[in-house]
Amino acid sequence: MTSPFEDQQYCKTTLGNGLRILSAPMPGTRSVSVSLYVGAGSRYETPSEAGLSHLLEHLLFKGSEKRPSAQLISETIDSVGGVMNAGTDRELTVYYAKVARPHFQRAADVLADMIRHPLIEAAEIEKERKVVIEELASIEDSPAQLVDVLLDATMWPDQPLGRDVAGTEESVNGLTREATLDYMHRQYIPNNIVVAVAGAVDHAEIVDFFSDALGDWNQGSPSRWFPAIDGQTAPRARVQYKRTEQAHIEIAVHALSNQDPDRFAVDLISIILGEGMSSRLFMELREKRALCYDVHSYASHYLDTGAFAVYTGVDPKKTVEATGALLEQLALVRDSGVSDEELHKAKELSKGRLLLRMEDTRNVSGWIGGQEMLNGFVRTPDEVVELVDAVTSDDIRRIAKRLLDDRKLSMALVGPFRSDKRFASLLKV
């Protein structure tokens, strides 16, 4: 199978109304994936709109002009063995379908109709509101997810980044049809949308289809996302009481945006510390100390900020010991750096994971569409491989020293605890 970036990186056409159409040729594939990215997400919402992007994403599957019911929309793709879904995040919303190559226009048509001509009926809003509230309730019953939400609220209080993408039960109950339509007409406009297609499809065919389907759609002036506010000058800790068998611990620092050239160093630190069964955290907390079953780290990159976090779930009686062990490992990478062998292994893991993803049309359409939507340009996998390879052990230590500052530590804890006082005093690296 030919890599989509070997002979030709990708093709891009911008229509007169600002709609961007990107394609990645994958001539050896039998599938085609169509993704439509919209500049809409929780960072675009005011407090009274919290959860609106997510609710709207659900509603687009409830009926459109050509297919006026959820069943007709689903059957269009199900009947040819395809898959279709969507997702809302902080900075974008994506709708996608993956089908066999002969059904490209079918997939493109259902997505274009959904995104441009949704019905947004009042009765469907009321039904889907209940569905979203059940989704929120499921998070309350999942401490490992709940601690993520609590950590965001701790790191970014009183701002969109600190809210659950789905909002709260109170905010979702307050969303009206008028507010939903206003938001849709503001954000769902062609100059705020990217079409990304990957597979054995000619770029000209893609452009012709979407020119006919969306070319006469009038552009507008979408709202911008709300910038992150980072006024943290001292460690923060928050506890949410829950009668659980485990204490769920998450510790994080503010990190780097997806525009920062050092973001790849942060990703490699995360791999070395807590991604995989040979990572430092896994070996220390699970293999050596037998404190936990799950321990890991992750890095998140947003338009103007980021986060680097470590997580574990332990017996509540071992919470202090586990917290200390997590902080010890953070201090160790900051003060002593990493070995050449560790860095090499992390680079190979990072590159291998990326390159293997590029064999799937859905991943490739997401690769080009997501980058174009967020960055306004697309790096090829080979370019990213070069950036990863360029990271040195000195870079790792420099970035670790820059980020791992006592004053910037945030901790979230979900478990059978009433107060954060005993844990806040531990936050030192």
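The values are calculated or read from the model by the stated rules, or taken from the named source; none is laboratory data. These numbers were taken from a predicted model, which means no experiment stands behind them. Glycine also receives a Cβ, built like all others from the backbone with ideal geometry; neighbour counts cover every protein chain displayed. Side chains included, ligands, DNA and RNA excluded: accessible areas come from the protein's heavy atoms. Shrake-Rupley method; radii C 1.70, N 1.55, O 1.52, S 1.80 Å.
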Response to the item:
Per the Cα gyration tensor, segment 263-334 corresponds to an equivalent ellipsoid with semi-axes, largest first in Å, of 22, 13, 10
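In the calculated pair distance distribution of segment 54-138, what percentage of Cα-Cα distances lie above 16 Å? Walk me through the numbers on the way to the answer.
On the way: 1923 of 3570 pairs.
The share of Cα pairs beyond 16 Å in segment 54-138 comes to 54 percent.
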Discussion item. Rg and Dmax in Å for segment 203-257, alpha carbons only: what are they?
Written reply: 23.6, 58
Worksheet, complete the sentence: Of 138-146, 401-409, ordering from highest average Cβ density within 10 Å down gives 401-409, 138-146
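So how strong a dipole does segment 79-181 carry about its Cα centre when Lys and Arg Cβ are +1 and Asp and Glu Cβ are -1, to the nearest 20 debye?
660 debye
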Worksheet item: Taking the alpha-carbon centroid of each part, what is the distance from segment 196-272 to segment 391-412 in angstrom?
Response: 21 Å
Practice prompt. Report P(r) for segment 1-147: all Cα-Cα distances, bin width 5 Å, range 0 to the bin holding the largest distance, values in whole percent.
Written response: 2, 8, 14, 18, 19, 15, 11, 8, 4, 1, 0
Worksheet entry | Percentage of interatomic Cα-Cα distances in segment 126-236 larger than 25 Å | 50 percent
Discussion item. Given Cα positions, please report Rg to Rh for segment 336-429, the hydrodynamic radius being the Kirkwood one.
Written reply: 1.12
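Translational diffusion coefficient of segment 275-390 at 4 °C, 1.567 mPa s, Stokes-Einstein with Kirkwood Rh over Cα pairs, in µm²/s as a whole number. Let's see the in-between values first.
Details: Rh = 16.6 Å.
Estimated diffusion coefficient is 78 µm²/s.
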Fill in: On Cα atoms only, tilt of 319-336 relative to the major axis of the chain in degrees
80 degrees
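Work out, step by step, the length gained on full extension between residue 185 and residue 406: first 0.36 nm times the residue separation, then minus their alpha carbon distance; give nm to one decimal. Display every interim value, and only then the final one.
Details: separation 221, 0.36 × 221 = 79.56 nm, distance 4.43 nm.
Full extension from residue 185 to residue 406 adds 75.1 nm.
About the Cα centre of the chain, how large is the charge dipole given +1 on each Lys and Arg Cβ and -1 on each Asp and Glu Cβ? Please answer in debye to the nearest 20.
On the way: 48 positive and 64 negative charges, 202 e Å.
In total the dipole reaches around 980 debye.
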Worksheet item: Over the Cα atoms of segment 11-67, how large are the radius of gyration and the largest Cα-Cα distance (Dmax), in Å?
Response: 15.9, 48
Fill in: segment 109-137 versus segment 355-375: alpha-carbon centroid distance in Å
26 Å
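How many Å² of accessible area per residue for the chain, probe 1.4 Å? Can you show the working numbers first?
Working: 18460 Å² over 429 residues.
Normalised by residue count, the accessible surface of the chain is 43 Å².
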Item to complete: For segment 36-81, just run the numbers: alpha carbon Rg, then divide by 2.2 N^0.38 Å, N being how many residues it has.
Response: 1.44
Worksheet item: Put +1 on the Cβ of every Lys and Arg and -1 on every Asp and Glu Cβ in segment 157-252; which of 237, 219, 176 then has its Cα farthest towards the positive end of the dipole?
Response: 237
Practice prompt. Round to a whole angstrom and tell me the spacing of the C-alpha centers of segment 16-89 and segment 291-310.
Written response: 27 Å
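How much mean residue ellipticity at 222 nm does the chain get from its helices, if each DSSP H run of length 4 or more adds -39500 (n - 2.57) and you divide by all residues, to the nearest 500 deg cm²/dmol? All intermediate terms of the calculation are to be shown ahead of the outcome.
Working: 15 runs with 177 residues, N = 429.
Theoretical 222 nm ellipticity from helices: -12500 deg cm²/dmol.
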Discussion item. For the pairs 130/408; 288/351; 317/351; 66/127; 98/242, flag any whose C-alpha to C-alpha distance is greater than 31 Å.
Written reply: 130/408; 317/351; 98/242
Practice prompt. Considering the options 39, 316, 343, tell which one lies farthest towards the positive end of the dipole of the chain, charges being +1 on Lys and Arg and -1 on Asp and Glu at the Cβ, about the Cα centre.
Written response: 316
Worksheet entry | residue 205 - accessible surface, heavy atoms, 1.4 Å probe, Å² rounded to 10 | 50 Å²
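What's the Kirkwood radius of segment 124-176 in Å, using all Cα pairs? Please report the intermediate quantities before stating the final value.
Working: mean 1/r = 0.0854 Å⁻¹.
Hydrodynamic radius (Kirkwood, Cα pairs) of segment 124-176 is 11.7 Å.
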Practice prompt. Specify the angular offset, from 0 to 90 degrees and rounded to the nearest 10, of the alpha carbon long axis of helix 203-214 from the longest principal axis of the alpha carbons in the chain.
Written response: 80 degrees
Worksheet, complete the sentence: Calculating Rg and Dmax of the Cα atoms in Å from this structure picks out, from [x] 22.5, 72; [y] 21.1, 65; [z] 22.7, 63, entry [z]
Worksheet item: By how many degrees, 0 to 90 and rounded to 10, does the Cα axis of helix 177-187 deviate from the longest principal axis of the chain?
Response: 90 degrees
Worksheet item: Carbon and sulfur atoms: what percent of the 1.4 Å accessible area of segment 340-429 do they account for?
Response: 49 percent
Response to the item:
In debye to the nearest 20, the charge dipole size for segment 268-337, taken about the Cα centre with +1 at each Lys and Arg Cβ and -1 at each Asp and Glu Cβ, equals 180 debye
